[in-house]
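Written out below as structure tokens is the structure these notes cover.
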Amino acid sequence: MSGGLSFFLVLLSLVSSVKPDGSQDKCRITQQITARVGCVIDHSSRVGKEQKVAMEMAIQDLSKSICARVDLHLKDSQGNSARATAAAISLLSSKQVVAIIGTLTMQEAALLSEIENSFPIISLTSTATSPPSESLQWPISIQIANNIAFHMQCVAALVGHFQWRKVTAVYEHNNEFSSHLGIITLLSDSLRLVNSDIEHYQAFPFLPSVSNPEALVEEELKKLRSKSNRVFIVMQFSLQSAVIFFEKAKQLGMMDKGYVWIVTDEIANLLDSVDTSVKYNMQGVIGIKTHFAETSFKQFKTRFRRIYGLRYPEEEEYSSPSIFALRAYDAIWATGRAIKILQQGNVTSKELSQKILSTAFQGLSGMIEFKNGMLSQPPTFQIINVIGRSYREMSFWSPRYGFSENLMKHTDMNAFAEVLGPIYWPGGLQTTPKGWTPVDVDRPLKIGVPAMGAFTQFVKVRYDPDTNETDISGFSIDVFEAAVKHLPYQLPYEFVPFNGSYDEMVELVSNKSLDAAVGDIEVIADRYHYVEFTQPYISSGLEMVVTVKPDKLKETEMLVWPFTREMWFLLFVTHLSVCLVACLMEIVHGRSLEDIGAFWFCVDVLLFAPREQFKNPWARLLLAPWLLAIVVVTATFTASLSSMMTISRVQPSVLDIETLKMTNATVGCNGNSFIVRYLINVLEFRPENIKSIASISDYPEAFERKDITAAFFVSPHAKVFLAKYCNAGFTKTGSLYKPSGFGFVFQKGSPLAIDISEAMLEATESGQVEKLEKQMLSSYNCSSPINSNNGSIGPGPFSGLFLIAGLACALAFLVTIVRLVREHWRNFLPGNVLEEVELQPNPVN
């Protein structure tokens with residue numbers, strides 16, 4: 001049956017190749033250039049079937065167009081690397097072919113080069129890789145494919161856009177790389193550029209070759225499901241294996257909400273060739289497929305579907321050609337063109353390989369031009385999303401322009417979300433999946449806490465031998481637990497006390513011995529290289545704390561401290577104004593300046609003992625609010641001065657760092673913190689002048705014994721120390737630098753760091769962190785730590801009294817001036833009129 005069908009196809013092809021212009025007869029007259037070409041493909045795979053049909057079509061077109069004849073000798077690899085190599089060796093030895101076309105990998109090509117080093121091997125693998133170093137001197141490997149690095153860059157661009165920090169790579173094991181980790185290295189390098197990384201990777205064999213593929217896939221998928229990561233990159237996977245893989249993933253619930261699946265060319269380009277049941281198992285998958293122009297594709301597609309449907313009637317419904325068929329067609333054309341150009345009856349392998357590498361023409365799959373043994377033109381990829389019975393074309397990506405809405409319009413990454421539009425994620429999730437679950441199944445987070453910290457107010461580890469239990473508490477623990485309560489999911493964890501330095505604990509997080517670290521851990525630059533920090537939950541800085549000594553100079557000025565200069569000036573001006581206006585009002589009432597005694601009057605008002613009774617009621621009304629103001633101001637002055645006299649005026653015993661270094665003084669700090677390195681490397685203290693202090697209670701004793709002259713703390717520690725020993729004679733001299741603060745530590749790239757940061761911001765904005773800090777400091781019941789601020793009072797608290805007294809004074813002054821003018825005018829005007837009347841002569845009649 002199959003033989004008769006093949007004969008019918010050949011006859012049909014010959015009939016269709018006859019042209020009315022007699023081109024077929026011309027090829028018979030002209031001597032045809034003939035070459036034998038071997039072909040090694042998997043006849044049972046979808047890709048192999050497409051490639052076989054496409055190459056037979058290309059041979060017919062070559063014969064008609066350029067009168068070049070290619071005799072194709074087919075071998076079946078059966079999807080096995082050893083069989084493919086054996087078939088290629090058989091073609092070399094028995095058929096005397098000048099080239100081999102097929103899905104031969106770079107490793108297989110390198111093996112064949114040992115038999116014939118100038119023999120051209122045209123590879124039809126989905127991606128191209130750099131040839132082994134030993135084969136660079138012979139142009140034997142010609143890859144009709146783009147560099148695999150472009151594929152990995154496109155995958156990384158997608159991962160970077162959605163800000164997934166970790167991915168799981170899944171690939172089918174083959175011999176394309178001398179090391180199975182080659183493809184993982186390429187992907188890892190690309191992901192690192194977008195601040196992401198591979199957390200896990202898993203290699204699968206060619207599943208149809210396994211006796212029980214379903215059991216194998218189920219076992220491996222269960223292992224991957226137990227991990228926290230939910231972003232899976234499926235690459236270098238055959239269609240036969242992909243069908244089994246996604247069917248089992250669907251059964252295990254790994255196509256539900258929260259999962260992300262990205263497939264590359266090998267699967268995405270063949271989605272038109274699978275039935276709806278396969279697509280049903282892949283709902284929400286994002287695919288990356290090589291784009292090709294369809295200008296000359298329609299006529300080829302019609303012919304291909306007709307021939308493919310006749311050859312494989314069971315697949316007639318899904319007979320559209322993929323990029324793999326187009327490249328197989330172009331491979332035959334590249335070989336035929338090279339044979340035609342050579343114009344020889346017997347073409348040698350070396351001449352043919354050189355001519356193919358130098359050829360350039362527009363093929364069905366794009367521009368066919370080679371550089372370093374692979375296609376030189378960078379590819380353009382199409383991003384698709386599997387939905388329902390088909391898929392949606394979302395965007396394009398190219399190495400030069402990145403993502404774009406169409407091939408002619410470049411799109412900024414910030415607008416990429418608009419280009420993509422809504423994405424149908426697995427399980428019908430409407431928002432972008434987080435890409436991870438909180439923890440591995442049945443395994444809580446192991447969180448390290450410092451057990452030897454000098455300030456147990458932040459982390460305190462207590463072991464109870466009676467109950468054999470460890471109690472861990474403190475401000476840092478409370479903040480972390482408050483943040484966890486704001487997470488939208490449950491986060492199982494357990495605290496693990498660590499008896500070492502902070503740097504050693506951070507290193508354990510880096511090498512994944514610990515999942516995280518919680519405590520008073522300073523966020524500093526050198527730790528950022530290998531761990532992930534949350535947002536600081538308390539600001540920090542480096543502080544220097546010293547003892548204090550009395551300030552004799554300030555004690556002599558204590559009498560004027562209760563009020564500021566502005567307050568004293570305002571008191572003097574207001575008092576003088578009120579007294580002068582009152583004196584003026586008494587003068588208007590008939591008293592003389594000598595009777596009043598203006599100077600002593602001002603003094604008497606301050607002492608509330610005027611020697612004379614006021615005759616003018618307006619003057620008494622004016623003095624009433626000012627006397628009230630004097631009572632209030634005097635009481636305030638007395639209270640403030642008394643308070644200041646009870647507090648000793650002090651100043652720091654050491655003012656700056658240079659004084660410490662010049663006097664070769666010894667300083668103390670927490671020996672387990674970064675402060676030691678900072679004092680030595682930045683502030684240039686001698687190591688022998690730095691004393692390690694184990695706990696907060698040891699600092700006062702060290703100061704008292706003169707073991708240290710100054711102590712260095714981070715700001716939160718300094719605040720606690722000064723609160724606990726607020727009346728013990730210590731003060732700080734200011735901040736030396738301002739780092740970020742205290743933060744929690746997670747493994748590099750851990751998405752938990754982002755979630756905990758968001759939760760901690762919510763706890764901070766709700767006031768929980770501030771409340772916890774106040775609770776920690778309030779336990780010491782310290783009213784006011786020692787400082788050099790004199791607490792002088794300004795005019796603000798008395799502004800109302802001053803306003804009333806000032807308005808009364810201004811009004812009284814205005815009324816007094818008006819009365820003076822009226823009296824003067826009334827006395828002056830009548831006298832002048834009488835005098836004029838008396839001096840006027842009588843008229844003579």
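Remark: the L655-A215 segment gains 150.9 nm on full extension, using 0.36 nm per residue and subtracting the alpha carbon distance. Among V47, V274, the sequence by solvent-accessible area, most first, with a 1.4 Å probe is V47, V274. Multiplying the residue separation of A810 and K706 by 0.36 nm and removing their Cα-Cα distance gives an extension gain of 31.1 nm. Distance between the modelled labels on F569 and M367, one decimal in nanometres: 8.0 nm (7 Å Cα→Cβ projection). What segment 189-296 shows is 38 Å² of accessible area per residue, with the surface traced by a 1.4 Å probe over protein heavy atoms. Summarising the amide proton neighbourhood of W436: residues at separation of 5 or more, or on other chains, whose placed amide H is nearer than 5 Å comprise R230. The distance between label points at N468 and L487 comes to 2.9 nm (points 7 Å beyond Cα on the Cα→Cβ vector).
For segment 661-784, what class follows from the C-alpha gyration tensor (a ≥ b ≥ c being the square roots of its eigenvalues): rounded when a/c is under 1.5, otherwise prolate if a/b is larger than b/c, else oblate? Write down the numbers at each step before the final one.
Working: a/c = 2.72, a/b = 1.41, b/c = 1.93.
Oblate shape, in that a/c is at least 1.5 and b/c is the bigger or equal ratio.
Checking the a/c ratio against 1.5 first, then a/b against b/c, what shape does the Cα gyration tensor give for segment 306-405? Verdict is oblate for segment 306-405. Applying 1/(1 + (r/R0)^6) with r as the Cβ-Cβ distance of N727 and L641 and R0 = 22 angstrom yields a FRET efficiency of 0.60. Straight-line cross-link reach from K706 at under 18 Å between alpha-carbon atoms covers these lysines, not counting any fewer than eight positions away in the same chain: K549, K661, K691, K732. Across segment 502-513, rounded Karplus estimates of 3J(HN,Hα) from the backbone phi angles (6.51 cos²θ - 1.76 cosθ + 1.60, θ = phi - 60°) give 5, 4, 5, 5, 5, 5, 5, 5, 5, 8, 6, 6 Hz, Gly and Pro being marked x. Each other residue within a Cβ distance under 11 Å of A451 adds +1 if Lys or Arg and -1 if Asp or Glu, for a net charge of +2. Model label points for N499 and S376, set 7 angstrom from Cα along the Cα-to-Cβ axis, are 6.8 nm apart.
How would you classify segment 449-571 from its alpha-carbon gyration tensor, with a ≥ b ≥ c the square roots of the eigenvalues: rounded for a/c under 1.5, else prolate if a/b is greater than b/c, otherwise oblate? It is prolate, given that a/c is not under 1.5 and a/b is the larger ratio.
Could you rank the peptides 353-365, 255-267 by their average count of other C-beta atoms within 10 Å per residue, with the highest value first?
With the highest mean Cβ count within 10 Å placed first, the list reads 255-267, 353-365.
Given a Förster distance of 35 angstrom, what is the FRET efficiency for R225 paired with I754, based on the Cβ-Cβ distance and rounded to 0.05? It comes out at approximately 0.95. Count Lys and Arg as plus one, Asp and Glu as minus one, and take only other residues whose Cβ is under 10 Å from that of V217; the net charge is then -3.
Any chance you could run the full-extension gain for Y528 through V821? It's 0.36 nm times the residue separation minus the Cα-Cα distance, nm to one decimal. Don't skip to the answer; put the middle values down first.
On the way: separation 293, 0.36 × 293 = 105.48 nm, distance 8.29 nm.
Extra length from Y528 to V821 when fully extended: 97.2 nm.
Working note: Karplus 6.51/-1.76/1.60 with θ = phi - 60° gives segment 267-277 the couplings 9, 4, 6, 10, 5, 6, 9, 10, 7, 5, 5 Hz, where Gly and Pro are set to x. Please give the charge dipole size of segment 248-405, origin at the Cα centre, charges +1 on K and R Cβ atoms and -1 on D and E Cβ atoms. Round to the nearest 20 debye. In total the dipole reaches around 280 debye.
The values are calculated or read from the model by the stated rules, or taken from the named source; none is laboratory data. Predicted, not measured: the structure shown is a model, and the values here were computed from it. FYI the Cβ positions are ideal-geometry reconstructions off the backbone, even for glycines, and counts take in every protein chain you see. For accessibility, only protein heavy atoms count, side chains too; no ligands or nucleic acids. Shrake-Rupley method; radii C 1.70, N 1.55, O 1.52, S 1.80 Å.
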